[in-house]
1. Among the residues of region 91-105, which ones are in contact with a helix residue (DSSP H, G or I) (Cβ under 9 Å, 6 or more places away or on another chain) and in a loop (DSSP other than H, G, I, E, B)?
2. Can you give me the number of residues within region 64-90 that are part of a loop (DSSP other than H, G, I, E, B) and either loosely packed, with under 13 Cβ neighbours inside 10 Å or free of Cβ contacts under 8 Å to residues at least 60 places away in the same chain (or both)?
3. Among the residues in region 106-121, are any more than 22 Å from the chain's Cα centre (by Cα), within 14 Å of residue 49 (Cβ to Cβ), in a strand (DSSP E or B) and modelled with pLDDT of 95 or more?
4. Please enumerate the residues belonging to region 28-51 that are over 16 Å from residue 121 (Cα atoms) and in contact with a strand residue (DSSP E or B) (Cβ under 6 Å, 6 or more places away or on another chain).
5. Is there a residue in region 36-49 that is touching a residue at least 40 places away in the same chain (Cβ under 8 Å), farther than 25 Å from residue 151 by Cα and loosely packed, with under 12 Cβ neighbours inside 10 Å?
């Protein structure tokens, strides 16, 4: 009986070694590979644009040809090349009087960024020039501006 137990133990041990070895040295029957990808859409963000006030820069307040100017900084962040443009109206008092106003982005009419990503502060500025003394009423004036960021 002792011999039978020894033989049985040996047989089980040899079978376990053979069975384990066959898994350890098993050849791959098949394999495949794939490419994982995605496409990132063009995107831009314009932040930090606030209202701003024009201050007298030359002449006397209210006098003919007096000039007023002011500016504000804003940030444009994009993941592609963009064109930054703006539109704005002449300053108006809401009752018919207006003041000729020019607007600039970094001192130009528009901005085109280089290819690739962009993250920078820019400046929007405005210059208003009074006409003759009697060309505009005294009082407060305002205008809306719109800055647009578009992909190139």
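The values are calculated or read from the model by the stated rules, or taken from the named source; none is laboratory data. Computed from a predicted structure; not experimentally measured. As a convention, Cβ positions derive from the backbone with ideal geometry for all residues, glycine included, and neighbour counts pool all protein chains shown.
1. Of everything in region 91-105, just one residue is in contact with a helix residue (DSSP H, G or I) (Cβ under 9 Å, 6 or more places away or on another chain) and in a loop (DSSP other than H, G, I, E, B), namely 97.
2. 4
3. No, that holds for no residue.
4. Answer for region 28-51, where residues must be over 16 Å from residue 121 (Cα atoms) and in contact with a strand residue (DSSP E or B) (Cβ under 6 Å, 6 or more places away or on another chain): just 42.
5. Among the residues of region 36-49, not one is touching a residue at least 40 places away in the same chain (Cβ under 8 Å), farther than 25 Å from residue 151 by Cα and loosely packed, with under 12 Cβ neighbours inside 10 Å, which makes the answer no.
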